[in-house]
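Bear in mind these aren't lab numbers, they're just calculated from the coordinates by the rules spelled out. Worth saying up front: this structure is predicted, and the values here are computed from it rather than measured. For neighbour counting, all protein chains shown are included, and Cβ atoms are generated from backbone atoms with ideal geometry for every residue, glycine included.
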Amino acid sequence: MSEQERVLKFHILRYNPQIKGDIPTMKTYEVEEAPGMTIFIALNDIREKQDPSLQFDFICRAGICGSCAMIINGRPDLACRTLTSKFPDGEIKLLPLPGFELIGDLSVNTGKFMRGMSERVESWIHDEHADNVDLDRLEERMDPDVADEIYELERCVECGCCVSACATKRMREGFLTAFGFMRLARYAIDPRDKRSDEEFYEIIGDDEGVFGCMTLLGCQDYCPKDLPHQTQIASLRRRMARVR
Amino acid sequence: MKIVYTDSLIIGGGLAGLRVAIAAKQRGYDSIVLSLMPAKRSHSAAAQGGMQASLGASVKGEGDNEDVHFEDTVKGSDWGCDQDVARMFVNTAPKAIRQLAAWGVPWSRVRRGNREVVINGEKVTITEKNEAHGLITARDFGGTKKWRTCYTSDGAGHTMLYCMDNKAIQLGIQVHERKEAIALIHEDGVCYGAIVRDLITGELIAYVAKATTIATGGYGRLYSVTTNAVISEGIGCAIALETGVATLGNMEAVQFHPTAIVPVGILTTEGCRGDGGLLLDKDGYRFMPDYEPGKKELASRDVVSRRMTEHMRKGKGVPSRYGDHLWLDITLLGRKHIERNLREVKEICEYFLGIDPVEEYIPVRPTQHYSMGGVRTGPTGESQTMKGLFSAGEASCWDMHGFNRLGGNSVAETVVAGMIVGEYVADHCAGNPLKIDTKLIGHFMDREDRKISNLLGRDKGENPFELKKEMQQIMMDKVGIFRNETDLAQAVEELKVLHQRSKNIALKHRISSSNPELVEAIRVPKMIRLAQCVAYGAMLRKESRGAHAREDYPERNDRDWLKRTLTTWKSEDDDLPEVSYEELDVMKMEMPPGSRGYGVDNTIHHPNTEKRVAEIEEIEKAHPDADRFELQQLLNPINVPDKFRGKNERIGRGYK
Ligand SMILES: Cc1cc2nc3c(=O)[nH]c(=O)nc-3n(C[C@H](O)[C@H](O)[C@H](O)COP(=O)(O)OP(=O)(O)OC[C@H]3O[C@@H](n4cnc5c(N)ncnc54)[C@H](O)[C@@H]3O)c2cc1C
Ligand code: SF4
Ligand code: SF4
Ligand code: FES
């Protein structure tokens with residue numbers, strides 16, 4: 001923790017689309033830095049002491065729930081676990097995450113979009129017996145390594161950083177993007193999901209899917225959970241290319 | 001007036017709320033879930049440690065079953081729980097976890113052969129059996145006889161919540177996000193739904209339903225330092241309280257977790273100690289064995305938190321600019337283990353403390369963590385005083401935790417209660433056609449609308465952020481781990497003053513749509529009332545039980561206090577809740593009160609305890625051939641929905 005006391009300058013995009021005639025402007029707020037200060041702490045300080053109308057979303061404030069992604073000095077990242085001491089000149093510019101409907105200031109509506117993705121890749125186990133399992137009996141066995149692998153791909157917190165960093169997504173509205181591929185890959189390796197590769201192909205076997213990806217890997221660079229986008233996209237492509 | 005009709009309204013999209021919605025939907029009832037945020041961001045996602053269920057597949061869980069789990073849970077509760085509910089819970093937990101396995105949670109599995117673990121500071125090799133390979137495994141947690149906490153690496157809550165929300169999406173259950181329930185609609189002891197504020201447009205909407213379930217999680221944010229999410233503010237409990245009819249149970253039962261990081265209060269999971277981590281003082285000395293030679297670091301949470309506080313009071317804490325703390329040492333677990341099974345902890349240490357826990361100690365101190373109290377319900381999950389109002393999960397006082405809940409028993413409660421209460425919600429929908437006068441809806445709508453207009457119209461008054469800060473500080477300083485009459489009486493008085501002041505909040509930013517200051521202004525008076533319930537209940541309870549530790553009444557007093565605190569708030573003009581008590585009947589207990597086995601036992605016993613012990617012996621003697629299931633039925637017959645009555649299979653012992 002840095003012990004020096006400095007005055008940080010936050011430059012924040014202010015815009016409330018709920019207010020007719022409001023126009024986006026950058027506003028600057030000064031905050032006295034405290035040791036161990038995160039952007040979560042600083043923004044709350046601004047809201048409590050300077051401008052109670054400032055909008056942003058935090059829930060867990062521990063890097064777990066994925067609510068607080070925003071553009072921090074040009075990079076998409078989770079604001080709650082970004083320490084202000086990371087910025088040597090004390091200038092911090094905050095913009096809302098692009099690619100999502102803006103609610104106001106730094107708050108964007110990720111929920112609708114994320115649910116859309118889950119519906120599109122049908123993000124659940126496809127097995128007609130899943131609801132008729134005899135719950136008294138021993139559970140179906142699973143190889144411990146397979147369980148671990150599934151978990152590795154399920155660590156996505158739906159923060160949207162990969163979406164905001166994806167060039168293809170910007171050009172093609174319906175592009176599924178990296179977190180959608182990751183979700184699909186997670187079900188594709190799960191032995192409990194009985195979908196065939198042909199069925200997965202129906203979901204991602206086109207330009208809106210994995211063949212539209214330009215593999216520039218913005219997703220890999222900015223994913224705060226370090227999910228293995230590069231290897232998963234490559235492996236999904238190989239798998240899908242074999243279908244047709 | 002915008003009105004949305006449904007069969008089953010669920011306020012809260014965490015594990016409990018989603019599971020109730022799924023149950024009702026699967027029975028054919030239309031269900032709508034309300035949530036402040038996307039459901040997958042609910043605080044359930046933060047549970048890193050795991051879920052208790054007595055599967056007994058891992059070799060360290062051998063011999064485990066419902067009865068052992070029951071015993072741990074009742075002891076853990078310091079005999080404050082409802083034993084019928086604890087029974088329903090332990091019997092159903094194995095089914096709940098197996099269902100989640102079928103629905104997609106990638107539970108960590110038993111791997112056959114040798115593996116190295118750390119137990120009591122030493123590396124030990126344990127050998128997992130061949131025939132258990134691939135079944136759900138478990139880790140050690142505080143206050144449990146067996147290794148019973150099932151997990152997915154370091155993300156149990158995350159994988160459970162994602163699975164549950166995905167299941168809800170599969171079933172087409174609507175989740176209305178960024179909606180906040182701010183009042184219940186009710187008349188003559190029947191609940192008809194809620195008045196809900198759209199957090200984006202500010203519009204008020206009436207959601208009208210046959211059954212309304214409160215599953216809004218805990219109220220940790222009544223305290224200034226807590227492991228809870230910033231939205232864990234207890235608003236669901238508060239709107240139940242404000243009906244003046246529904247009761248809250250045991251609000252003074254507030255748990256402090258031993259190991260949250262200093263200063264920000266983010267949790268490092270109990271899994272750290274479960275997997276072998278140690279607590280050290282400023283001299284690097286392992287002090288827990290001196291206090292609790294039996295369970296050491298893995299004593300029950302309330303016990304460890306108190307011992308840590310005692311040890312710091314002896315001057316053994318590590319001084320820092322944020323006050324004293326202790327060390328959590330997980331370096332002995334090794335990099336490989338930490339990076340797989342405690343990765344979230346590692347990330348938290350790196351991002352928030354700038355340290356690598358593989359090599360350095362973690363600064364920790366006991367921090368507010370869990371709300372045992374909440375909306376009081378009977379075993380079916382329905383309020384005892386308001387029809388059609390249900391509650392499940394941390395928001396409820398279903399009461400399987402009594403005065404202290406065991407680690408891993410909470411996410412387990414959310415899904416088990418969700419299954420069971422969900423069935424009763426569906427039954428309720430089946431038996432109660434919706435009959436409501438729109439005038440009643442209009443009455444509640446106007447009332448809430450007027451309150452908001454008043455807030456927006458007031459020129460000068462109190463700042464809601466400041467009121468909240470003051471409340472949180474009072475709770476932290478005076479209603480914390482150790483409590484006494486002087487502090488509590490002061491807290492009660494100071495909160496009364498805050499409550500008065502909260503009637504005069506004025507805003508700087510006076511718009512009705514998306515406006516964080518208005519959100520705060522609506523919530524803070526509700527939070528202060530909840531805080532008053534906690535503080536006042538704590539002041540009146542003149543004994544120590546579980547997490548409620550009175551310095552001036554250090555003994556557990558079953559004779560006078562084997563009862564549950566119930567609070568109601570009858571009128572807007574009152575400045576304190578009304579408190580009454582619900583006796584726990586020793587003569588019906590499957591496990592009569594005894595010693596938890598920590599420190600000296602100075603319990604003041606209940607006159608019926610000996611009688612009941614003798615009676616149980618008689619029953620056992622009279623039925624020498626009864627197996628454990630038959631005995632349980634004799635001692636504590638419980639009702640669960642038929643579909644959950646079956647015996648649970650375990651490896652190596654079948655259905656025995
Ligand atoms: C850091 C941490 C770690 C934990 N680890 C474990 C563990 O390892 N094992 C374990 O068993 N337990 C653990 N717990 C406890 C456990 O996670 C929680 O008790 C449990 O997940 C609560 O689930 P819930 O469904 O009751 O509520 P939550 O998951 O908190 O969900 C509450 C829901 O209610 C909604 N809501 C709230 N108010 C309103 C309102 N007014 N209107 C509309 N919606 C509203 C929210 O949006 C949210 O969707 C942990 C807790 C914490 C804080
Ligand atoms: S590789 Fe590039 S185009 Fe493909 S998903 Fe990632 S960011 Fe988008
Ligand atoms: S894949 Fe990574 S960046 Fe994308 S939403 Fe998930 S966690 Fe965020
Ligand atoms: S607030 Fe949860 S990830 Fe930042």
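Using the alpha carbon gyration tensor of chain A, what are the three equivalent-ellipsoid semi-axes (square root of 5 times each eigenvalue), largest first, in whole Å? Before the final figure, lay out each step's value.
Values: eigenvalues 295, 83, 58 Å².
Semi-axes (√(5λ), whole Å): 38, 20, 17.
Nearest 10 degrees, 0 to 90: what angle lies between the long axis of helix A:229-243 and the longest principal axis of chain A (Cα atoms)?
Tilt of helix A:229-243: around 30 degrees.
Translational diffusion coefficient of region A:55-126 at 37 °C, 0.692 mPa s, Stokes-Einstein with Kirkwood Rh over Cα pairs, in µm²/s as a whole number.
My calculation gives 242 µm²/s for D.
For every helix of n ≥ 4 consecutive DSSP H residues, a contribution of -39,500 (n - 2.57) applies; sum these over chain B, divide by its total residues, and give [θ] at 222 nm rounded to the nearest 500 deg cm²/dmol.
So the calculated ellipticity at 222 nm is -11000 deg cm²/dmol.
So what is log10(I(q)/I(0)) for the protein assembly as shown at q = 0.08, 0.09 1/Å, when the Debye sum runs over its Cα atoms only?
Debye output, listed in q order: -0.70, -0.91.
Which of the aspartates and glutamates could a cross-linker span from B:Lys387 if the Cα-Cα distance has to be under 16 Å and same-chain partners fewer than 8 positions apart are dropped?
By straight Cα distance, B:Lys387 reaches B:Asp7, B:Glu187, B:Asp188, B:Glu242, B:Glu423, B:Asp427.
Can you give the Kirkwood hydrodynamic radius of region B:528-573 from its Cα pairs, in Å with one decimal?
11.7
Once you have the Kirkwood Rh of region B:70-163 from its Cα pairs, apply Stokes-Einstein at 10 °C and 1.306 mPa s and quote D in µm²/s.
105
Near B:Lys588, which lysines are there with a Cα under 24 Å away, not counting those fewer than 8 places off in the same chain?
Once the sequence-local lysines are set aside, what remains near B:Lys588 is B:Lys75, B:Lys563, B:Lys611, B:Lys621, B:Lys647.
Which three extents, in whole angstrom, do the alpha-carbon atoms of region B:1-95 cover along their principal axes, largest first?
Taking the Cα atoms of region B:1-95, the three principal extents are 57, 28, 27 Å.
Taking each pair of distinct Cα atoms in region A:73-197 once, what is the resulting Kirkwood hydrodynamic radius in Å?
Mean inverse Cα-Cα distance, inverted, gives 17.4 Å.
So how far, in whole Å, is the C-alpha centre of region B:262-294 from the one of region B:1-54?
35
With only alpha-carbon atoms in the gyration tensor, what are the semi-axes of the equivalent ellipsoid for region B:472-541, in Å, largest first? All intermediate terms of the calculation are to be shown ahead of the outcome.
Values: eigenvalues 163, 23, 16 Å².
Taking √(5λ) for each Cα gyration eigenvalue gives 29, 11, 9 Å.
Could I get the Rg over Rh figure for region B:319-475? Both from C-alpha atoms, Rh via Kirkwood, rounded to two places. The partial results should precede the final answer.
Values: Rg = 23.5 Å, Rh = 21.0 Å.
Rg/Rh for region B:319-475 comes to 1.12.
Give me the net charge for the shell around B:Ala395: Cβ to Cβ below 12 angstrom, other residues only, Lys and Arg +1, Asp and Glu -1.
Values: positive: B:Arg376; negative: B:Glu233, B:Glu394, B:Glu413.
Neighbour charge sum, excluding B:Ala395 itself: -2.
How large is log10 of I(q)/I(0) for region B:420-538 at q = 0.12, 0.19 Å⁻¹ when the intensity is taken from the Debye formula with one equal scatterer per alpha-carbon?
Scattering profile of region B:420-538, log10 relative to I(0): -0.64, -0.94.
For region B:217-309, state which trypsin sites (Lys or Arg not before Pro) are in a DSSP loop and have at most 14 other beta carbons lying within 10 Å of their beta carbon.
none
So what's the net charge close to A:Asn73: Lys and Arg +1, Asp and Glu -1, counting the other residues with Cβ under 14 Å from its Cβ?
+1
Helix-only estimate, please: 222 nm mean residue ellipticity of chain A, summing -39500 (n - 2.57) across DSSP H runs of length 4 or more and dividing by its residues, to the nearest 500. Each step should come with its number before you reach the end.
On the way: 9 runs with 80 residues, N = 244.
Dividing the helical sum by the residues of chain A leaves -9000 deg cm²/dmol.
What are the lysines whose alpha-carbon lies under 24 Å from the alpha-carbon of B:Lys503, with same-chain residues fewer than 8 places away excluded?
B:Lys503 reaches A:Lys49, B:Lys179, B:Lys451, B:Lys460, B:Lys468, B:Lys469, B:Lys478, B:Lys526, B:Lys570.
I need B:Val124, B:Val4, B:Val304 ordered by Cβ neighbour count within 10 Å, fewest first.
B:Val124, B:Val4, B:Val304
List, in the order given, every pair from B:Lys60/B:Lys314; B:Lys60/B:Lys336; A:Lys194/B:Lys656 whose Cα-Cα distance in the structure shown is over 28 Å.
Where the Cα-Cα span goes over 28 Å, the pairs concerned are B:Lys60/B:Lys314; A:Lys194/B:Lys656.
Could you give me the radius of gyration and the Dmax of region B:386-486, taking only the C-alpha atoms into account and expressing both in angstrom?
Spelled out, the Cα radius of gyration and Dmax of region B:386-486 are 20.6, 51 Å.
Not counting the cut sites, what is the longest span of chain B without chymotrypsin sites (Phe, Trp or Tyr not before Pro) that DSSP labels loop and that have at most 16 other Cβ atoms within 10 Å?
B:323-654
Quick one: what do you get for region B:262-304 if you divide its Cα Rg by 2.2 N^0.38 Å?
1.20
Can you give me the long-range amide H partners of A:Thr38? Hydrogens built in the peptide plane at 1.01 Å from N, cutoff under 5 Å, separation of 5 or more residues or another chain.
Residues meeting the criterion, in which the H sits 1.01 Å from N, are A:Thr84.
Could you bin all the Cα-Cα distances of region B:159-254 into 10 Å bins starting at 0 and give me the percent of pairs in each, rounded to whole numbers?
Going out from 0 Å in 10 Å bins, region B:159-254 shows 13, 37, 38, 12, 0 percent.
Comparing A:Glu173, A:Glu91, A:Glu30, which has the greatest mean-square fluctuation in the GNM of chain A with Cα pairs linked when under 10 Å apart?
Taking springs between Cα atoms under 10 Å, the residue moving most is A:Glu173.
Step through the residues of region B:203-210 one at a time and calculate ³J(HN,Hα) from phi using the Karplus curve (6.51 cos²θ - 1.76 cosθ + 1.60, θ = phi - 60°), rounding each to whole Hz and writing x for Gly and Pro.
Per residue, the Karplus-derived 3J(HN,Hα) values read 5, 9, 10, 9, 9, 10, 8, 6 Hz.
Viscosity 1.306 mPa s, temperature 10 °C: what is the translational diffusion coefficient of chain B from Stokes-Einstein with a Kirkwood Rh over Cα pairs, rounded to a whole number of µm²/s?
Values: Rh = 25.1 Å.
Here the translational diffusion coefficient equals 63 µm²/s.
Take every Cα-Cα pair in region B:89-235 and report what % of them are more than 27 Å apart.
In whole percent, the long-distance tail amounts to 47.
Please report the projected area of region B:284-353's Cα convex hull averaged over all directions, in nm².
5.7
Please list the non-local residues whose amide H lies under 5 Å from the amide H of B:Val4, H modeled 1.01 Å from N, same-chain partners needing a gap of 5 or more.
Placed amide hydrogens put B:Ala206, B:Tyr207, B:Val208 under 5 Å from B:Val4.
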